[in-house]
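First up is the structure itself, then whatever we jot down about it.
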Amino acid sequence: MALVKRLRVRWMARLDAAVAQRDLPSALRMPVVPSYFGLAFFAVLAVMFLWSANHQLNLGYALTFLAFTVFLLGGTITAGQLAGLSFSARGGAPVWAGDEAAFVVSVTERDGRLRGLLTLRNAWHETRCEDVLPRATAQVVLREPAQRRGWQYMAPLEAFCLHPLGAFVTWAWLRLEARVLVYPRPVGEQPLPWVSMAGEGKVVGAAAGDDELSGLRPYVLGDALSRVAWKRFGRGELLLKQFAGEGAPRLLLDFAAAKGGTEQRLSQLAKWVMDADRQGLLYALRLPPDVFFDFGHGREHREACLRALALFGGGA
C-alpha cells in the first residue's frame, strides 16, 4: 500500500498545468490493471486449473475457463467506464482559513452510454459518483483543507472505476482549474474602534428645544462625560446617550490600529468586520499602502472588505 501511495504522488506531480476541462481518451488508450481482488481471483483460477489438470476433471476445466472468460470480459467493460468522459470543476463559496474548501466537480457523459459507479478522490477526501446517465452531467463535491488566506487552487485528483466486477481498475489523474477564496480567520481580542463624531448631541424638537433621547452607544475616548449614562455605568457598562438626529455610530477599521504581525492584524480586522456587520453598524476599512473602503454596511460591503483582507499582499 505504501508503494501505491508513493507512485500515486509521483504521477500526480508529473501532471500538466491545470485546465478548465479535461476530456478522457477512448477505451484503447485508458489504463486498466487487475485490482487486489482481481489478483486474488486470478490466483484462485490458477489453483482450479492445476487441481483440474491433476485430477483430469473436464468439468473443472470448463468451470475454470468459463470463470476466466468472465474475468477478461469484466476487464474490457471496466476499460470503457471512464473513456470519453469530460471533467470540469468550479470553486465553492469563500471559507475561513482553517476550514475546508469545497470544489464542485462535473462529470459529463458524451457517448450515450450508461456508466457505472465512479470514485473521485484527492489527498484528503474521497467521494462516489453514482451511475452517470447517457448524455447527462453528474456533480460531486470534493473538499480539501484551507490552511492559508488567499486563493486556494484545487489540488490534483484521481478518478477511477472498478465496475462491473471489481476485478480490474481503470483510472485517470486530473488537474482542473478551480479556486476558492479563503478569508483570514476572524479572531482577536481588541474592542471595536469607534469613531467619535464631531458636533453630536442636540437636535431641537418642536417643544421648547428639549433633546430627545433615542438610545445608547458605547463610549468613545474623547466623548463628553456629561452625556455618559451614569445609571448604566453603575452596572459596569460605559455607554453614551444618543439623541435623535445624530448620525449612526461609525467604525474605522484601520490596519495600523490592529496589534501583532500581519496575519494577526488581518484576523483582527476580519473579526471587526463581522462584528460590525452583525450589529448593522457603518464601518470603513483602511489597508496599506492606499486601500480605503468608505463607510458602508450590508452584504456587498462586507464581502468587498473580506476579499481585500484575503488578498492583502497578494495572499499569504
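Before moving on, here are some points about what is shown:
- Residue count for region 29-41, restricted to those that are surrounded by 12 or more Cβ atoms within 10 Å (Cβ to Cβ) and touching a residue at least 60 places away in the same chain (Cβ under 8 Å): 8.
- Filter result for the condition that a residue is in contact with a His (Cβ under 9 Å, 6 or more places away or on another chain), farther than 29 Å from residue 305 by Cβ and surrounded by fewer than 17 Cβ atoms within 10 Å (Cβ to Cβ), over 73, 66, 117: 117
- Annotation: of all residues in region 163-177 being part of a loop (DSSP other than H, G, I, E, B) and out of contact with any Pro (no Cβ under 7 Å at 6 or more places or on another chain), the one that is least open to solvent (accessible area, probe 1.4 Å) is 166.
- Of the residues making up region 270-301, those that are over 18 Å from residue 257 (Cα atoms), open to solvent by 50 Å² or more (accessible area, probe 1.4 Å) and of a type outside the set (Asp, Glu) are 278, 279, 280, 297, 299.
- Scope region 53-63; condition part of a helix (DSSP H, G or I), surrounded by 13 or more Cβ atoms within 10 Å (Cβ to Cβ) and either among the hydrophobic types (A, V, I, L, M, F, W, C) or within 51 Å of the chain's Cα centre (by Cα) (or both); matching residues: 63
- The residues in region 120-137 that are farther than 30 Å from residue 309 by Cα, among the aliphatic types (A, V, I, L, M) and either at pLDDT below 95 or out of contact with any Cys (no Cβ under 9 Å at 6 or more places or on another chain) (or both) can be counted, and the count is 3.
- Out of 274, 197, sole residue that is modelled with pLDDT under 70, under 26 Å from residue 299 (Cβ atoms) and of a type in the set (A, V, I, L, M): 197
- All positions within region 141-162 that are buried (at least 17 other Cβ atoms within 10 Å of the Cβ) and either among the β-branched types (Val, Ile, Thr) or under 26 Å from residue 80 (Cα atoms) (or both): 142, 155, 156, 157, 158, 159, 160, 161, 162
The values are calculated or read from the model by the stated rules, or taken from the named source; none is laboratory data. This structure is a prediction, so every number in the text was calculated from the model and none was measured. FYI the Cβ positions are ideal-geometry reconstructions off the backbone, even for glycines, and counts take in every protein chain you see. Remember, those area values only see protein heavy atoms, side chains included, never the ligands or the DNA or RNA. Shrake-Rupley method; radii C 1.70, N 1.55, O 1.52, S 1.80 Å.
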